[in-house]
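The values are calculated or read from the model by the stated rules, or taken from the named source; none is laboratory data. Remember, predicted model here, so these are calculated numbers, not experimental data. Because the Cβ atoms are built from the backbone with ideal geometry, glycine has one as well, and the counts that use them run over all protein chains shown. For the accessible areas, the whole protein counts, side chains as well, though only heavy atoms, and no ligand, DNA or RNA atoms are used. Shrake-Rupley method; radii C 1.70, N 1.55, O 1.52, S 1.80 Å.
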Amino acid sequence: MNRAGRLKVFTGNSNKALTLEICSYLGIPLGEAEVSNFPDGETSVQINENVRGEDVFIIQSTCPPVNQNLMELLTMIDALKRSSARRLTAVVPYFGYARQDRKVQPRVPITAKLVSNLITVAGADRVLVLDLHVGQIQGFFDIPVDHLFAAPILIDYFKKKDLKDLVVVSPDAGGVERARAFAKRLDAQVAVIDKRRSQPGVAQAMNVIGEVEGRSAIIVDDIIDTGGTIVQAADSLLERGAQEVYASCTHPVFSGEALERLENSKIKEVVATNTISLEDRIPKRKIILLSVASLLGEAIKRIHNDDSLSSLFI
C-alpha cells in the first residue's frame, strides 16, 4: 500500500463524465459523495464512505457556473479534510479566474491569487492543473503544483490530418510561446495576430505578422470563451490568403453564443479537449472534442505512487 493510503477519487458536478473516464483508466470506482444545494442555494456535501488515512483526489473544473463549481470544490476539500483523509489533491482540469492574474488597471483584484489561497486554506495538500492561462499562477500557491499540458493530445490529432504547408498562429502576442511549441512539433511556420482589446472579452484583430498565404493555418489558444477573437483571427488569415483555417484550444468555455458563432464562421474545425463538460450543449459539427482522461489519470497514478511526472510535461 502507498504510504499516503489507498487511492480514492471524488468529484463535484462540474464534469462527471471526465471523472468517470479517469476512474476507468485507473481501474477504481468513483468515490461515493452527495454534492447538492440547500433550498437557499448553499452548497451541501456529504461523503458517503470512509476516507480516513486515504490518498484522495478531488476532480473539479471551476468552469461555468464558476462560483458554484468553485464552492463545491472548496466544500468537498473541507469535508474530506475533516474526514481525516491523509492527503488531498485538488485536480482542477480548468482553473477559472486565471485571466485575472495581475493588476492591469487601478483598483482591481488579482483573483487568480485569491482562488489559489482559497484552495490552500480549504485544506488541499497539492494541486494538479492543466494548461493554466499563464504559468506564473503556479507561484500563487503555497503548496506543490503539477502543471500539465494538453498540447501532445492536440498535436497528435493534427499530425494525423497530414496538413500541407502548415502555419501555426497565435491569436495574440501573449500566446507566441504556445504557438512556437506547437509549430516545432508539427514542423510548421509561426504567425501572430496583432490585436487590440477595447474591453474585457472584446477584441479586434488588426494585423497578421508572418507568412500565411497559400498555407493551412492552425490558430492555437488555451481558452476559447466567446469565440470572437478566434473568428476574427480566422477572417484575417483568410483575407491574407490562407488556404484553410483550423482552431485549437484546451478549454472550450464557449460562453453565450460562442457555439453558434464558431459554427457559422469560416473555420474548418475547432479542436478542443473535454476539460469542460459540453453535455448540456451538444457539440456542433465543427467542434471536435479530445479526451484528457488518460493524461490526468496517469498523472494521478504517478502522484499516488510518488513517481516522477516529468515525461508528462513534454
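A single member of 233, 217 is touching a strand residue (DSSP E or B) at 6+ places or on another chain (Cβ under 8 Å), closer than 24 Å to residue 261 by Cα and either in a strand (DSSP E or B) or at pLDDT 95 or above (or both), and it is 217. Counting only strands (runs of 3 or more DSSP E) that fall entirely inside the stretch 29-76 and contain at least 2 residues that are open to solvent by less than 10 Å² (accessible area, probe 1.4 Å), the qualifying elements are 55-59.
So that you can scan it fast, the table gives a plain yes or no per residue for (1) of a type outside the set (D, E, K, R); (2) over 25 Å from residue 178 (Cβ atoms):
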site	(1), (2)
42	no, yes
59	yes, no
78	no, yes
86	no, yes
98	yes, no
106	yes, yes
112	yes, no
116	yes, no
123	yes, yes
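With the structure loaded, tell me whether residue 10 is aromatic (Phe, Trp, Tyr), at pLDDT 95 or above and open to solvent by less than 10 Å² (accessible area, probe 1.4 Å) or whether it fails that test.
yes
The selection criterion, being open to solvent by 20 Å² or more (accessible area, probe 1.4 Å), among the β-branched types (Val, Ile, Thr) and either under 18 Å from residue 83 (Cα atoms) or under 27 Å from the mean Cα position of the chain (by Cα) (or both), does not hold for residue 22.
Checking each residue in the stretch 85-104 for being open to solvent by 10 Å² or more (accessible area, probe 1.4 Å), touching an Asp or Glu at 6+ places or on another chain (Cβ under 9 Å) and either in a strand (DSSP E or B) or of a type in the set (S, T, N, Q) (or both) picks out only 87. Could you go through the stretch 301-309 and let me know if any residue there is open to solvent by 20 Å² or more (accessible area, probe 1.4 Å), assigned to a helix (DSSP H, G or I), over 30 Å from residue 194 (Cβ atoms) and among the polar types (S, T, N, Q). No, the conditions are met nowhere in the stretch 301-309.
Residue 297 fulfils the conditions (1) over 13 Å from residue 22 (Cβ atoms); (2) open to solvent by less than 10 Å² (accessible area, probe 1.4 Å); (3) not β-branched (Val, Ile, Thr) except for a single criterion, (1). Of the residues screened, residue 288 is not one that is β-branched (Val, Ile, Thr) and more than 17 Å from residue 250 (Cα to Cα). In the set (1) on the phi > 0 side of the Ramachandran plot; (2) touching a His at 6+ places or on another chain (Cβ under 9 Å), residue 53 fails one condition alone, (2).
Please enumerate the residues belonging to the stretch 239-252 that are surrounded by fewer than 22 Cβ atoms within 10 Å (Cβ to Cβ) and either at pLDDT below 95 or of a type in the set (Val, Ile, Thr) (or both). 239, 240 - these are the residues of the stretch 239-252 that are surrounded by fewer than 22 Cβ atoms within 10 Å (Cβ to Cβ) and either at pLDDT below 95 or of a type in the set (Val, Ile, Thr) (or both).
Of all residues in the stretch 121-159, those satisfying the criterion of being in a helix (DSSP H, G or I) and farther than 27 Å from residue 218 by Cβ are 121, 122, 139, 140.
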